[in-house]
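**Student:** I have a structure here, written as structure tokens, and I will follow up with some questions on it.
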Amino acid sequence: MMRVLVIIPAYNEEKSIAQVIADIRKHVPTVDILVVNDGSTDKTEHAARQAQAEVLTLPFNVGIGGGMQTGYLYAKQNNYDVAVQMDADGQHPAEELSKLLEAIQDADLVIGSRYVEPSAYRSSKMRRVGMIFFSKLVSAITRERYTDTTSGFRAANRKVIDLYAQYYPMDYPEVESIVYLKRKGCRISEVSTEMRERQSGKSSITPVRSAYYMIKVTLAVMMCAMRFREVKPTA
């Protein structure tokens, strides 16, 4: 049996976090759950503890990258075989988690993709443009085809847990973290998964921030490709 840790980075998600935890318990009761409370100013920590999840509370908001690296460090220190990233807002259905856990046996990182096959998920036009752009950018750099590089629904094995514990991008890390792993010789696959609209709260990516996001992430991806020496994948 694999020891699996589900890492849920959470910032002011008191309205949804308990239901997210309950859904995981219902569909995959054998996994452990860690909520990284990223300096929330609401009752996220209390709600997560009441739902009987393990909680690490950061003293101030460090962003998704710092929150996830905290989770990977915890997974490494506690000898987990697999670490799964899931959103705290309910976008990632727990019933889809088993697809990632099955596929991780043949890959180092598995990404839950909305676009490998047709799905019910619908995004705004701006988001869709960004998703297509980054998928094409990463595919060009890595010479492998990816359809959903911005997806935060992922499963990582021990090799990736160790790598992410050492280095993980801070701002909007999903895209850059793929290039980093490919430079380290990791095997990355995608599986088709359904996703929902967020169940509460609102996204931090506003139309104004979208342009900034695309420019910043593109530069970060290019720097990552130059910074890390490419090695051949290992079995």
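The values are calculated or read from the model by the stated rules, or taken from the named source; none is laboratory data. Only a predicted model underlies this, so the values are computations on that prediction, with no experimental measurement involved. Glycine also receives a Cβ, built like all others from the backbone with ideal geometry; neighbour counts cover every protein chain displayed. Remember, those area values only see protein heavy atoms, side chains included, never the ligands or the DNA or RNA. Shrake-Rupley method; radii C 1.70, N 1.55, O 1.52, S 1.80 Å.
**Student:** So what is the relative contact order for the chain, in percent, with contacts set as C-alpha pairs under 8 Å and at least six apart? Display every interim value, and only then the final one.
**Tutor:** Working: 446 pairs, mean separation 54.8, N = 235.
Over the chain, the number comes to 23 percent.
**Student:** Using the Kyte-Doolittle scale, find the helices of the chain whose mean hydropathy is at least -1.0 and whose Cα atoms extend 27 Å or more along the helix's long axis, counting only whole DSSP H runs.
**Tutor:** Correct list, ordered by number: 207-227.
**Student:** For T30 and I132, what is the calculated FRET efficiency with R₀ set at 25 Å and r taken between the beta-carbons, to the nearest 0.05? Can you show the working numbers first?
**Tutor:** Details: r = 36 Å, r/R0 = 1.46.
Working from the Cβ atoms, E equals 0.10.
**Student:** Something else now. With a ≥ b ≥ c the root eigenvalues of the C-alpha gyration tensor of the stretch 139-195, is it rounded (a/c under 1.5), prolate (a/b larger than b/c) or oblate? Before the final figure, lay out each step's value.
**Tutor:** Details: a/c = 1.39, a/b = 1.23, b/c = 1.13.
The shape class here is rounded.
**Student:** Now a separate question. Using the C-alpha atoms of the chain, what convex hull volume per residue, in cubic angstrom, is computed?
**Tutor:** Numbers: hull volume 27.7 nm³, N = 235.
Each residue corresponds to 118 Å³ of Cα convex hull volume.
**Student:** Related question: Where in the stretch 1-100 are there chymotrypsin sites (Phe, Trp or Tyr not before Pro) that are in a DSSP coil and have at most 16 other Cβ atoms within 10 angstrom of their Cβ?
**Tutor:** Working: sites: Y11, F60, Y72, Y74, Y80; in loops: Y11, F60, Y80.
Sites meeting the loop and neighbour criteria: F60.
**Student:** Could you work out which residue, out of I21, I178, I215, moves most in a Gaussian network model of the chain, that is, has the largest mean-square fluctuation with Cα springs under 10 Å?
**Tutor:** Judging by the Gaussian network model, the answer is I215.
**Student:** Okay, moving on. Which residues' amide hydrogens lie under 5 Å from the amide hydrogen of S192, considering only partners 5 or more residues apart or on another chain, with H built in the peptide plane?
**Tutor:** HN-HN under 5 Å from S192: S113.
**Student:** What net charge do the residues around T149 carry, taking every other residue with its C-beta under 10 Å from that of T149, with Lys and Arg at +1 and Asp and Glu at -1?
**Tutor:** Working: positive: K136; negative: D148, E174, E176, E190.
Within the 10 Å Cβ shell, the charges total -3.
**Student:** Could you tell me which of rounded, prolate or oblate describes the stretch 67-182, using a ≥ b ≥ c as the square roots of the eigenvalues of the alpha-carbon gyration tensor, with rounded for a/c under 1.5 and, failing that, prolate when a/b is larger than b/c and oblate otherwise?
**Tutor:** Verdict is prolate for the stretch 67-182.
**Student:** Between beta-carbons, use under 15 Å as the cut-off and find the net charge around R49, counting Lys and Arg +1, Asp and Glu -1.
**Tutor:** On the way: positive: R25, K43; negative: E13, E14, D32, D42, E45, E54.
Its environment carries a net charge of -4.
**Student:** Kindly identify the stretch 1-97 as rounded, prolate or oblate by the Cα gyration tensor criterion: order the square roots of the eigenvalues as a ≥ b ≥ c, call it rounded if a/c is under 1.5, otherwise compare a/b with b/c, prolate if a/b is larger, else oblate.
**Tutor:** Details: a/c = 1.78, a/b = 1.17, b/c = 1.52.
Note, shape of the stretch 1-97 comes out oblate.
**Student:** Still on this model: Of A47, A107, A211, which has the largest mean-square fluctuation in a 10 Å C-alpha GNM of the chain?
**Tutor:** Between A47, A107, A211, it is A211 that shows the largest mean-square fluctuation.
**Student:** Using a 1.4 Å probe, what is the accessible area per residue for the stretch 70-189, in Å²?
**Tutor:** Numbers: 4690 Å² over 120 residues.
With the other protein chains kept in place, the stretch 70-189 gives 39 Å² per residue.
**Student:** When the accessible area of the chain is computed with all protein chains present and a 1.4 Å probe, what percentage of it is carbon and sulfur?
**Tutor:** Values: 6100 of 11470 Å².
That share works out to 53 percent.
**Student:** What share of the DSSP beta bridges in the chain is antiparallel, in percent to the nearest 5? Show your work: numbers first, answer last.
**Tutor:** On the way: 6 of 26 bridges.
The answer is about 25 percent antiparallel.
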